[in-house]
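Heads up: the structure comes next, in structure tokens.
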Amino acid sequence: MACWNGLSEDQQRRLIEHGNLPFGYQAEGWCSYGAEVEVTTMEDEAPGPRFYCLVCATAYLLEKLEKRANPRSRVDNT
């Protein structure tokens, strides 16, 4: 399975809405690594797990941590 960031927005939406991708799909996103870990947070916009490679999972979680540590940066980037 491709990393979440390896999927295009349309592929991500299909996975959220239908729970699957067509057989033989080709990943159309920007990450070329395969999924290695599952990440779910309370703040996710859509339900369900997201599977990431280690690099993307780390970046995603660091971004969440940064927003939590600096809540003003979410609104006005100060």
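The values are calculated or read from the model by the stated rules, or taken from the named source; none is laboratory data. Predicted, not measured: the structure shown is a model, and the values here were computed from it. Neighbour counts run over all protein chains shown; Cβ positions are idealised from the backbone, glycine included.
A few points about this structure:
- Screening region 66-76 for residues that are more than 18 Å from M42 (Cβ to Cβ) and assigned to a helix (DSSP H, G or I) and picking the one that is modelled with the lowest pLDDT gives D76.
- Considering each residue of region 48-65 in turn, at least one proves to be of a type in the set (D, E), surrounded by 10 or more Cβ atoms within 10 Å (Cβ to Cβ) and assigned to a helix (DSSP H, G or I).
- Single residue of region 25-46 satisfying the filter (among the aliphatic types (A, V, I, L, M) and under 17 Å from T58 (Cβ atoms)) that is nearest to the chain's Cα centre (by Cα): V39
- Residue within region 2-24 that is surrounded by 15 or more Cβ atoms within 10 Å (Cβ to Cβ), outside any helix (DSSP H, G or I), over 12 Å from the mean Cα position of the chain (by Cα) and at pLDDT below 95 present: yes
- Within region 1-40, the set of residues being of a type in the set (A, V, I, L, M) and closer than 11 Å to Y52 by Cα comprises M1, A2, L7, A35, V37, V39.
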